[in-house]
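All remarks here apply to the structure that follows.
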Amino acid sequence: MSHTPPETTLSSEQITELVERILSAGTLPPIVQAGHPALRQRAAAYDGQLSAVQLDGLISLMREVMHEAPGVGLAAPQLGIPLQIAVVEDQYDVDPEAAALRKRSPLEFLAIVNPRYTPLGTDMASFYEGCLSLNGLQAVVARPEKVLLEFQAPDGSGVQREFEGWQARIVQHETDHLNGVLYVDRAQLRSLSSNAEYAAHWAGPGIGKASEGLGFDAGPAGISVR
């Protein structure tokens, strides 16, 4: 069943005050967890609510939180900030077999503002996916194999860039966050596993063993909000 998440209830002034409070705290903010309203509302488009110094500070802080977690992406709503800003970076050494199957290659740090993605072609890829805002869980999500991401760089310039494989999965996941969508909305829920049970039973380059053992197919599921 398709559903459109509501818009954020915070005003531009409240968002600016929230960002300044987080930047002034002097500590890394916590990553909010499922149930926080910022994760279930459409974030406000970024249109200059922050000064250049605040924007740079927020992006730097988000990168630090992402590294500390650790993760390969972080959206502003995951800090409780309903703004359409996310950061991505994937520099992890991974098993070569898994990297080849998942088409996972290093992704240099990138800050994306007001992103939107469009599938390119009809090929889908299904793999286990996790989220820093749903600690300790992962599930299989079918996503377009290749997408066109349209976004703004922090300096306001418009960018169009194609992503494929695991990089495409990362930018889709983070863009979804900015629209109030969590990966479980798109997941095969029968595949849902704790990290410990996944490691004990289903870890591997692909999802064939989990699909058979848990009784799910690899097709798309959930809502279609982008």
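The values are calculated or read from the model by the stated rules, or taken from the named source; none is laboratory data. Note that the structure is a prediction, hence the values are computed from the model and not measured. Cβ placement follows ideal geometry from the backbone for every residue including glycine, while neighbour counts extend to all protein chains displayed. The area values use the complete protein model at the heavy-atom level, side chains included, leaving out ligands, DNA and RNA. Shrake-Rupley method; radii C 1.70, N 1.55, O 1.52, S 1.80 Å.
Looking at the P(r) of the chain, how many percent of alpha-carbon pairs lie beyond 25 Å? Roughly 38 percent, rounded to a whole number.
Taking every alpha-carbon pair under 8 Å whose residues sit at least 6 apart, the range 95-209 reaches a relative contact order of 31 percent. A straight line joining the Cα centroids of the range 176-223 and the range 17-81 runs 27 Å.
Between 0 and 90 degrees, the angle of helix 12-24 with respect to the longest Cα principal axis of the chain falls at about 80 degrees. Normalised by the number of residues in the chain, the average gap of Cα pairs under 8 Å and 6 or more apart makes the relative contact order 22 percent. The chymotrypsin sites (Phe, Trp or Tyr not before Pro) of the range 73-146 that meet both conditions, a loop assignment by DSSP and at most 12 other Cβ atoms within 10 Å of the site Cβ, are Tyr92. Is it possible to state the helix-based mean residue ellipticity at 222 nm for the chain, with each DSSP H run of 4+ residues giving -39500 (n - 2.57), the sum divided by total residues, to the nearest 500 deg cm²/dmol? What is it? Roughly -7500 deg cm²/dmol at 222 nm, from the helical runs in the chain.
When only Cα pairs below 8 angstrom with a gap of at least 6 residues are kept, the range 52-149 shows a relative contact order of 20 percent. Take the chain with all the other protein chains still there, run a 1.4 Å probe, and you get 47 Å² of accessible area per residue. Largest accessible area first, the listed residues Thr9, Thr175 line up as Thr9, Thr175 when surface is computed with a 1.4 Å probe on the assembled protein chains.
The modelled label-to-label distance for the pair Leu148/Val53, using points 7 Å beyond Cα in the direction of Cβ, is 4.0 nm. Across His201, His173, His36, the residue with the most accessible area heads the list, and the full order at a 1.4 Å probe is His201, His36, His173.
Ligands, DNA and RNA left out, the accessible area of the chain computed with a 1.4 Å probe is 52% carbon and sulfur.
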